[in-house]
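Here the structure comes first, spelled out in structure tokens, and everything after it is commentary.
What follows is calculated from the coordinates using simple rules that are stated; it is not laboratory data. Given the structure is predicted, the values throughout are model-derived calculations rather than measurements. Here Cβ is always computed from backbone atoms with ideal geometry, including for glycine, and neighbour counts include all displayed protein chains.
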Amino acid sequence: MELLILNGIVNGLIVGGVYALVGVSLTLLYGVLRVVNFAHGEFVIAGSFFAYVLFTSLNVPPLLALPVAAVAFFAAGWGLYYVLIPRLSRSDDPELMSFLMFYGVSITAAALMLLLFEADSRSIDYSFTPISVQVGPIYVSTARLVALTITVAISAALALFLFRTLPGKALRAAIMNPEAIQIVGVDIVRLSAFAFALATALAGVTGVLVALVFPAFNAFSGTEYTIIAFIVVVLGGLGNPVGALLAGVIFGLAEQMATVFLPQAMAQIVGFAILVGTIFLRPSGLLGTSARK
Amino acid sequence: MTASSRAQDSADRIYFTLVALIGGALMIYFASVPVLGLNVAFHFYLMLWITMASAFNVSSGFSGYLPFGYVAFYGIGAFTTAILVKKAAFPVFLALPFSGVAGLVLALLFAPTLRLSGIYFGIVSLALAGICRLVITNMPEEITGGSFGLQLGSRAHPVQSFYVMMAVMVVALGTILWLSRSRLGKALRATRDDADAAEMMGVNVPRVRLYGWMLAAFFPAVCGGVEAWYTNVVDTETAFNTLITAKTVIYAVAGGLGTVTGPILGAVAMVWLDELIWRQFPLLNLLILGVATVALVLFLPRGIVGSILRRKPQWRRFVP
Amino acid sequence: MSIAIETRGLTKRFGGLVALDSVNLQAAAGETLGIIGVNGAGKTTLMNCICGLYRPDGGDVFISGERVTGQPPHVVAHKGIGRTFQVPRVFRKMSLIDNLLVPVLDHHASDAELTERAEGMLARMQLIDLRHNYAEELSGGQQKLLEMARMLMPDPPIVMLDEPFAGVHPVLCKFMIERIEEMSGAGKAVLLISHDLTSIYRLSTRVVALNQGKIIAEGGVGDIRDNPAVIEAYLGT
């Protein structure tokens with residue numbers, strides 16, 4: 001039993017790291033643009049497929065796929081921003097409309113992936129040597145450990161960026177007060193485009209990590225990740241990147257521990273239950289702002 | 001009689017003439033489909049989507065919510081009818097009202113979420129639908145058929161269920177028409193526009209929201225039941241499919257939220273488009289749905305009827 | 001003259017900030033009580049506590065002698081109190097007539113009667129030609145008039161006006177002043193918040209001055225105008 005629990009904790013941290021990154025990218029997007037990206041999960045899975053294609057057709061190892069994905073998705077995000085967002089902000093009801101639009105984007109993305117890759121599950125058969133590493137009394141797959149390390153590295157880099165660099169601080173300021181930041185002369189459109197591109201790049205990179213950590217994915221896995229992203233964001237507080245990091249790890253742990261103690265069926269409900277529970281009991285999340293209508 | 005009440009009378013005359021024309025045309029057209037040998041399946045689903053989009057409009061256009069888990073009501077209705085018919089030997093005509101009641105019960109259960117603001121409500125709605133689906137999937141096989149679902153037995157009567165669907169659609173549209181002119185409808189819209197101000201004007205906001213919500217939950221539940229009867233089979237994959245919510249939302253938005261004719265027009269246009277595309281490009285179906293949604297939001301955010309009324313606001317009183 | 005509305009020891013805190021500190025005031029039928037104070041003095045918070053939007057942390061509100069503290073806004077509204085808002089809160093995507101019908105939806109009168117009454121109200125506010133337009137199509141000043149008409153529809157014995165003259169041009173101000181004089185003339189108790197001291201002094205029978213959540217002075221117009229505490233609060237030292 002202790003072994004199971006220990007396994008649960010280690011896996012919880014690894015999975016939690018991935019969830020944390022998924023949440024951070026979504027919360028950045030919401031914080032700066034007040035946009036709820038329903039397609040976020042699809043962006044992540046697109047990252048997984050991206051790594052898959054690079055691996056199967058060009059033999060690019062997943063670690064190398066990371067920076068490539070980052071650049072490619074950043075560019076894609078930048079372009080997507082200018083195509084989709086400017087018209088939104090001029091509409092009657094930007095929040096509702098952004099909801100619907102990203103709903104459409106998520107369906108489009110899932111459909112594209114379905115067309116390209118069909119409905120079968122895919123996975124990347126990349127193995128590190130050694131295949132697994134002993135951590136205390138348990139064995140952990142090397143791929144997962146590598147993913148965890150990368151997650152920590154990315155989170156640290158992100159934290160550094162947000163708190164120590166000028167563009168990062170501008171982003172945080174924009175989250176706190178979008179009107180004020182325009183008054184002091186920041187071009188909110190370019191900043192928003194940057195935030196969108198950054199969030200997309202993060203999503204893509206997370207997708208590569210997903211391919212390393214989880215056994216398989218398919219065109220429809222996106223929805224799952226969108227919901228996970230929302231759970232993490234709500235738990236951590238809308239618009240709070242640090243909260244998202246924390247919440248992601250906590251949620252990952254909760255999920256993995258649930259599979260240890262509960263039957264499979266119940267464990268799936270845990271995620272949903274956490275989401276609903278948080279919104280009703282502590283809508284501001286662990287570290288965020290209010291939710292009432 | 002004052003000049004303005006005379007003007008109101010003539011506005012009403014135009015309004016009700018339009019109602020009679022559109023309603024009459026719909027009824028005559030659909031009633032004659034089986035008789036004229038037109039495609040029953042296509043028209044059955046057309047009526048289904050008209051009803052779904054219109055009922056959804058009550059909770060979105062009239063009340064200001066976006067229930068992304070709307071399919072939960074549909075699914076619960078489908079399973080209620082299936083279980084009652086298959087396991088308790090109910091005649092279908094008795095089971096269908098129970099489906100409606102199941103929808104109402106679920107709405108009551110979900111009522112606490114009505115306090116939440118836009119995004120939170122949408123996300124929680126999605127999560128609650130997910131929970132519903134998981135709960136039903138994991139119920140004992142004797143009750144819900146596990147992963148294979150339930151078959152209603154050879155009780156399928158395409159023509160009978162077609163006309164029942166038509167009856168449901170007519171009742172739904174009639175109810176929504178009544179709502180749009182009624183005092184409850186005005187209270188709902190005031191709550192949508194500014195809930196606190198409405199409350200300070202004497203509107204019992206929680207109660208009004210609940211009534212709107214229950215109305216919006218009743219019809220999709222009955223639709224689920226009728227469709228279960230029509231196709232003769234029910235399983236969690238199809239009964240709780242997120243695509244049902246997606247299509248409902250898109251069809252309603254395409255027509256224009258907030259009017260009665262909007263969702264009807266939207267459903268007709270989009271179902272027709274869907275059929276056209278599906279015949280030519282069966283694989284691109286989902287893709288076109290997604291692209292159409294994005295295009296709608298970018299270029300026609302108020303939908304067909306909404307955009308027309310924006311250009312001609314003076315027509316608002318005449319258009320149902 | 002009976003006391004129409006009264007607060008006793010009304011207190012409201014937001015986190016560490018005390019917005020209202022033990023406020024006692026009353027207004028009788030036919031009286032106009034002017035409420036003055038600098039921004040942040042607690043005037044709007046006072047109105048929000050009275051009508052039930054905020055739950056007070058201490059003290060009570062009485063309407064016609066009945067304790068209504070902590071009741072939800074729609075219950076308080078039905079006790080006979082109406083209000084307008086500093087920044088207009090009209091029902092944007094509803095017609096002017098529908099806006100006016102909202103406060104009287106549960107009245108037993110027929111639709112035709114209520115519509116006729118609404119049209120009469122709109123005519124008095126000179127908005128009758130726009131009656132089928134959506135409220136969002138009105139100018140700021142017109143929306144304030146719409147709010148006033150909406151407030152008067154159920155003929156409440158107590159009305160609260162929050163900065164009715166803010167941002168409104170002088171001709172419209174004069175029109176509004178006439179409407180407000182009609183209200184107290186009809187026997188209503190009027191609570192009036194305004195920065196426009198001229199209008200306050202003209203309309204009020206009594207004035208109350210708030211500063212940092214406390215009443216620093218109250219009395220007739222003459223007493224308040226020359227009160228050193230009031231002058232200091234407005235101009236500083």
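Brief remarks follow.
- Taking 20 °C and 1.002 mPa s as conditions, the range A:2-281 diffuses translationally at an estimated 112 µm²/s according to Stokes-Einstein applied to its Kirkwood radius (Cα pairs).
- Cα gyration tensor shape for the protein assembly as shown, rounded if a/c is under 1.5, else prolate or oblate: oblate
- C-alpha center-to-center spacing [the range A:64-130, the range A:10-28] in angstrom: 18
- GNM flexibility winner over chain C from C:E136, C:E163, C:E147 (Cα, springs under 10 Å): C:E136
- Among C:F175, C:F62, C:F165, the largest mean-square fluctuation in a Gaussian network model of chain C, built with springs joining Cα atoms closer than 10 Å, belongs to C:F175.
- Structure-based [θ]222 nm, chain A - -39500 (n - 2.57) summed over DSSP H runs of at least 4, per residue, nearest 500: -26500 deg cm²/dmol
- The simple Förster model, with R0 at 60 Å and r as the Cβ-Cβ distance, assigns B:N241 and C:D223 a FRET efficiency of 0.25.
- When chain C is treated as a GNM with alpha-carbon contacts under 10 Å, the residue of C:M94, C:M183, C:M121 showing the greatest mean-square fluctuation is C:M94.
- MRE, 222 nm, helices only [DSSP H, n ≥ 4, -39500 (n - 2.57), over chain C, to nearest 500]: -10000 deg cm²/dmol
- Evaluating 6.51 cos²θ - 1.76 cosθ + 1.60 at θ = phi - 60° for every residue in the range A:179-188, the Karplus couplings come out as 6, 4, 5, 6, 4, 7, x, 7, 6, 5 Hz, glycine and proline recorded as x.
- Burial order of peptide ranges A:208-216, C:197-205, A:54-62 (average beta-carbon count within 10 Å, highest first): A:208-216, C:197-205, A:54-62
- Cα gyration tensor, the range A:2-91 - rounded (a/c under 1.5), prolate or oblate: oblate
- Across chain C, the mean sequence separation of Cα contacts (distance under 8 Å, 6 or more residues apart), normalised by length, yields a relative contact order of 28 percent.
- Modelled label positions at B:L38 and B:V105, each set 7 Å beyond Cα in the direction of Cβ, lie 3.8 nm from each other.
- Gyration tensor (alpha-carbon) shape descriptor, the range A:44-169, a/c threshold 1.5: oblate
- Euclidean distance between Cα centres, the range B:62-95 to the range C:1-46, Å: 52
- Pairs from C:K79/C:K144; B:K247/C:K93; B:K186/C:K79; B:K312/C:K79; B:K186/C:K174; C:K93/C:K214 whose Cα-Cα separation, in the structure shown, is over 29 Å: B:K312/C:K79; B:K186/C:K174; C:K93/C:K214
- Centre-to-centre separation between the Cα atoms of the range B:1-53 and those of the range B:113-182: 24 Å.
- Helix B:261-280 and the longest principal axis of the C-alpha atoms of chain B enclose an angle of approximately 50°.
- The range B:176-237: relative contact order as a whole-number percent, Cα under 8 Å and 6+ apart: 20
- Compared with the dominant principal axis of the Cα atoms in chain C, helix C:140-152 is inclined by about 90°.
- Dividing the helix sum by the residues of chain B, where each DSSP H run of 4 or more adds -39500 (n - 2.57), gives a mean residue ellipticity at 222 nm of -25000 deg cm²/dmol.
- Counting only other chain Cβ atoms within 10 Å of each residue's Cβ, the peptide A:258-267 averages 1.
- Mean per-residue shielding of peptide B:182-195 is 5, counting Cβ atoms of other chains within 10 Å of each Cβ.
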